[in-house]
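The structure appears below as structure tokens.
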Amino acid sequence: QIAPRVLEIIAGYAASEVDGVSKMYGSFANSVGELLGRSGHRRGVKLTSDNDELSIDVDVFVEYGVSVPKVAAQIQKRIKQQVTLMTDLVVTEVNVHVKGIVAPQSEQQVDPDNLFGDDAEDDGGND
């Protein structure tokens, strides 16, 4: 028998590898667990098992500008594929819950010769 925690890690890792997924959504307890060295790949994954049926819910943040339906479909496909490949269990459904969209961060260039953004023409007021 495979521990539910292992299935959560497989599903979380599979989802986080899909292009367009920014990060997994997790609770405060998940964040504290990561700080204590526990795996963050369980974050945002919930399993429901009923007899031989395995249902997986995943909570994700997606990157701004991606097609949400396409990313969700890729997550579903990837999780089903990886769980089946690694465990021989059949996943009956994967429910993807998009918790938010993450905007791209603009890269700030720091000029080592001008750390404080002073204008080159400014001579400090000594005219």
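The values are calculated or read from the model by the stated rules, or taken from the named source; none is laboratory data. Everything numeric in this text was worked out from a predicted model, so none of it was measured. Cβ atoms come from the backbone with ideal geometry, glycine included; neighbour counts cover every protein chain shown. Note: accessible area is taken over every heavy atom of the protein model, side chains too, but ligands, DNA and RNA are not part of it. Shrake-Rupley method; radii C 1.70, N 1.55, O 1.52, S 1.80 Å.
Structure above, values below:
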read-out: Subset of the range 51-71 [surrounded by fewer than 20 Cβ atoms within 10 Å (Cβ to Cβ) and over 13 Å from the mean Cα position of the chain (by Cα)]; value: N51, D52, E53, S55, D57, Y64, G65, V66, S67, V68, P69, K70
read-out: K23, sole failed condition from (1) farther than 24 Å from Q1 by Cβ; (2) modelled with pLDDT under 90; (3) over 14 Å from the mean Cα position of the chain (by Cα); value: (3)
read-out: Test: residue in the range 43-50 that is in contact (Cβ under 8 Å) with a residue 24 or more places away in the chain, assigned to a loop (DSSP other than H, G, I, E, B) and under 18 Å from S22 (Cβ atoms); value: yes
read-out: Of the criteria (1) of a type in the set (S, T, Y); (2) at pLDDT 75 or above; (3) open to solvent by less than 50 Å² (accessible area, probe 1.4 Å), which one T84 fails; value: (3)
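Okay, residues lined up against (1) modelled with pLDDT of 65 or more; (2) of a type outside the set (K, R); (3) in a loop (DSSP other than H, G, I, E, B); (4) open to solvent by 90 Å² or more (accessible area, probe 1.4 Å):
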| site | (1), (2), (3), (4) |
| --- | --- |
| N95 | yes, yes, no, no |
| G100 | yes, yes, no, no |
| Q105 | yes, yes, yes, yes |
| D111 | yes, yes, yes, no |
| N114 | yes, yes, yes, no |
| E121 | no, yes, yes, yes |
| N126 | no, yes, yes, yes |
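Here is a yes/no grid of residues against (1) under 25 Å from L89 (Cα atoms); (2) at pLDDT 75 or above; (3) of a type in the set (F, W, Y):
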| position | (1), (2), (3) |
| --- | --- |
| A29 | no, no, no |
| R43 | yes, no, no |
| A72 | yes, yes, no |
| I75 | yes, yes, no |
